[in-house]
Amino acid sequence: MKKIILFAIIFLFQIALAQNERVAALGNPSIAFKDFDLDLNLYDFGNNYAWLIEDHTFDVLYIRPSFNFQSGDYRRYYDPKKSMMYLLSFDGTKILKDGAFRGYVIYEIENRKNVNRALSRYPYNGVPFRMTDTTTGDFLYNGPRVGFQYSFIPLKDFYVGFDLNYQIVDGLKNIYTRAKSLWRNIDGSVNLAYKFSDDFVVGGKLTLLDNKESIESKSEDLFDAEIFNYRGDTYAFRRRSQTVEQTYREKLVRYDFTTITSPAKNLTIGLKGNYSNSNLKTQYPYGTLKEYEEGHTVFEDYGSTLKLHYSPINNLLFGFEGSFDNYSSWSRISETSLMIWKWNIRTITAGSGVSYKFNTLPLVSVFEFNIGKVKSDSSKYIDNFFSNYDEPFYSLVAGFEYEIFEKIFLRTGYNYSKINFDVIRGGKDVNLNQISAGFGLYNFKSIQIDYYIYYAIQSNSLSQKNKFLGSQLNIKIFNY
C-alpha cells in the first residue's frame, strides 16, 4: 500500500527503477547534480505540480519499458524468495494555450516466487493485522495506472495545478487457497504557487489518498478455505468457510510546503516540509455485518529538507542537503480498544557533493556523500517484544559521463552504503554495493534515446545476501 512505512525511511536500501535514466546510470546522485528531471525548483524538489508549466516547456513523449529482478536469502518471513517486475509506460507533456498538461499510462506485471503464507500484497506495511494461509506459492500481480497533471496561471505570478491518479492491480496465488487480491488506489492533489520575484517562490500542496485491498480465498473441490488472521507476529485466530474475505482500507491526508530562493548570485536554496496522517482499517464480513472492523491503525509523518546549490564558476556545482523525518504508528483491536503495536522511527541525514564538467575533456563527474542516524523505538505489546535502536548509516555515490562521439554519451556509476542495523529487515552490518551503466543517443533530429542497467548486492553480518538487477529504456519523441 502507498503509505508512510519503513520502506521510505532509508533510501539507500531502496533499489527502484528511476524516472531519469541519465541520473540512474550515474549512480542516482541527488544533491550536487542537475538535469532536466532533477533541478532545485518547486516541481522537481517539492513535487508541486503548479510549477509544471515552468518546468516542462516543450512537447515530449516518453516511452519506457523496464525490468526489475530481486532474489536472495536476506529476507523476512513473508517475503518472496525472488520477484520479477515488468513495466511499460507512456508519459507525454503538451504545452497548451492556457497551461501545460502531462498525462501517463503505466502497465505493470509483477511475479513473486515462493511467497510464504502471506496473502496481502504488502504484509510489512507497519500493520499487525495479517491474513495468511499455510502454503508457499507464487503470486502474479498485473494492472494499469493512469494519471494526469495540469498547470495554469489564472493571475499574474499565481500558479495553480492539479493531479489525479488511479491504479488497479489484480493478484492471484497459484495454489491453495487460490487467494485473489484486488488492489485499488486513488490519489490526487491541489497545488498552489506564487512567484514573488525571479529569486523567490513559494508553493503549497494538499494531497488526498484512498487505498483499498480486497482479498478473497475460495474453497477447492470439497475443502473449505482455511485462513489465519494474525494479530501481531505470534497470535492468530482461524477462519474457515467456502469463501473467506478480508479488506484493508486506508485514507490519507498530506500537506506540503516548499520555498525556493536565490539570495545571492549562483546560490539557490530550497526548503520543504510535510505533514501527513492516515488511517487504515482491517475489515472482514462477520455475521450480519458486511464489514466488521477487526483492527484500526493510525500513521503520522512529518519532516523537512534543506537543499543548497552553489556554482562559483561555470560547470562547477556544489551541493548540500540535510533532512529530518519522523514516522510513527499505533494499532489497536477495534472491539476492545486494546493497543497491541506502537512504533516510532526518526531519521536525520546530511550530505554534500560536487559535480564538474571538464573544459578540456568531454567528461562530467559527480561525487556525493551522505551520513545519518536512524533511531527506532518499537513496542509490540501483544508479542511481548520491545526494541530500541539508535544507529548511524552512510552512503556515497560516484558517477561519470563521457561523450565518445558528438551527442553520444557513455555513463557509469557506483553506490556504496552501510548501516549498523537495518530496521526494515532486521539485519546487522548491512552493506550495499551497486554498479550502473548506460548510454545516451542524442544525434537524431526529433528522437533521443537513453538506457541504463544496474546490478547490486546487499549483505549482512550473517553472510545473507540479496541480489538486484534492473534496466530501463527511454525513447523521447519531441513535437509529437
* **Cleavage-rule hits, GluC sites (Glu not before Pro), the stretch 11-113, DSSP coil, Cβ neighbours within 10 Å at most 15** => none
* Asked: If you find the alpha carbon centre of the stretch 341-382 and of the stretch 318-336, how far apart are they in angstrom?
  -> 17 Å
* Per residue of the stretch 110-120, in order, report the coupling 6.51 cos²θ - 1.76 cosθ + 1.60 (Karplus, θ = phi - 60°) as ³J(HN,Hα) in whole Hz, putting x for Gly and Pro. => 10, 10, 9, 9, 6, 7, 8, 6, 4, 10, 7
* Could you tell me which of the pairs Lys195/Lys265; Lys281/Lys342; Lys173/Lys428; Lys156/Lys307; Lys212/Lys380 are separated by over 23 angstrom between their Cα atoms in the structure shown? => Lys173/Lys428; Lys156/Lys307; Lys212/Lys380
* For the stretch 122-205, take the alpha-carbon Rg, divide it by the Kirkwood Rh, and send me Rg/Rh. => 1.26
* Structure fact -> Taking the dipole of the chain about the Cα centre (Lys, Arg +1; Asp, Glu -1; charges at Cβ), the one of Leu363, Thr336, Leu308 that reaches farthest to the positive side is Thr336
* Is the shape of the stretch 283-347 rounded, prolate or oblate, going by the alpha carbon gyration tensor and its root eigenvalues a ≥ b ≥ c, with a/c under 1.5 for rounded and a/b larger than b/c for prolate? -> prolate
* **Sequence-separation-based contact order of the chain, relative, with Cα cut under 8 Å and 6+ spacing, percent** => 16 percent
* To do: Identify all lysines with a Cα-Cα distance to Lys445 below 29 Å; exclude those on the same chain that are fewer than 8 residues away in sequence.
  => Lys34, Lys94, Lys97, Lys357, Lys407, Lys476
* Asked: Around Asp44, which amide H atoms from residues at least 5 apart in sequence, or from another chain, sit under 5 Å from its own amide H, with H modelled in the peptide plane?
  -> Asp39
* For the stretch 39-48, just list the computed ³J(HN,Hα) in residue order, Karplus coefficients 6.51, -1.76 and 1.60, θ = phi - 60°, integers in Hz, with x standing in for Gly and Pro. => 9, 8, 9, 5, 6, 6, 7, x, 6, 9
* Structure fact -> Partner aspartates and glutamates whose C-alpha sits under 16 Å from that of Lys180, ignoring same-chain residues fewer than 8 away, are Glu110, Asp133, Asp138, Asp170, Glu213, Glu216, Glu220, Asp224, Glu226, Glu245
* Let me know the charge dipole size of the chain about its Cα centre in debye, to the nearest 20, where only the beta-carbon of Lys, Arg (+1) and Asp, Glu (-1) is charged. => 620 debye
* To do: Mind checking the stretch 239-320 for trypsin sites (Lys or Arg not before Pro) that DSSP puts in a loop (not H, G, I, E or B) and that have at most 16 other Cβ atoms within 10 Å?
  => Lys265
* Report, in whole Å, the centroid distance computed from the Cα atoms of the stretch 219-260 and the stretch 401-480. => 34 Å
* Asked: Mind listing the phi-derived Karplus ³J(HN,Hα) values for the stretch 68-75, rounded to whole Hz, using 6.51, -1.76 and 1.60 with θ = phi - 60°, and x for any glycine or proline?
  -> 9, 10, 9, 7, x, 9, 8, 8
* Tell me, what are the semi-axes, in whole angstrom and largest first, of the equivalent ellipsoid of the stretch 145-264 as set by the roots of 5 times the Cα gyration tensor eigenvalues? -> 48, 16, 10
* Divide by every residue of the chain the summed helix terms, -39500 (n - 2.57) for each DSSP H run of at least 4, and state the resulting mean residue ellipticity at 222 nm, rounded to the nearest 500 deg cm²/dmol. => -500 deg cm²/dmol
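Every read-out reported here was derived from the displayed coordinates using simple, explicitly stated rules and does not represent laboratory data. Note that the structure is predicted; figures quoted are calculated from it, not measured. Every residue, glycine as well, gets a Cβ built from its backbone with ideal geometry; the counts of neighbours run over all protein chains shown.
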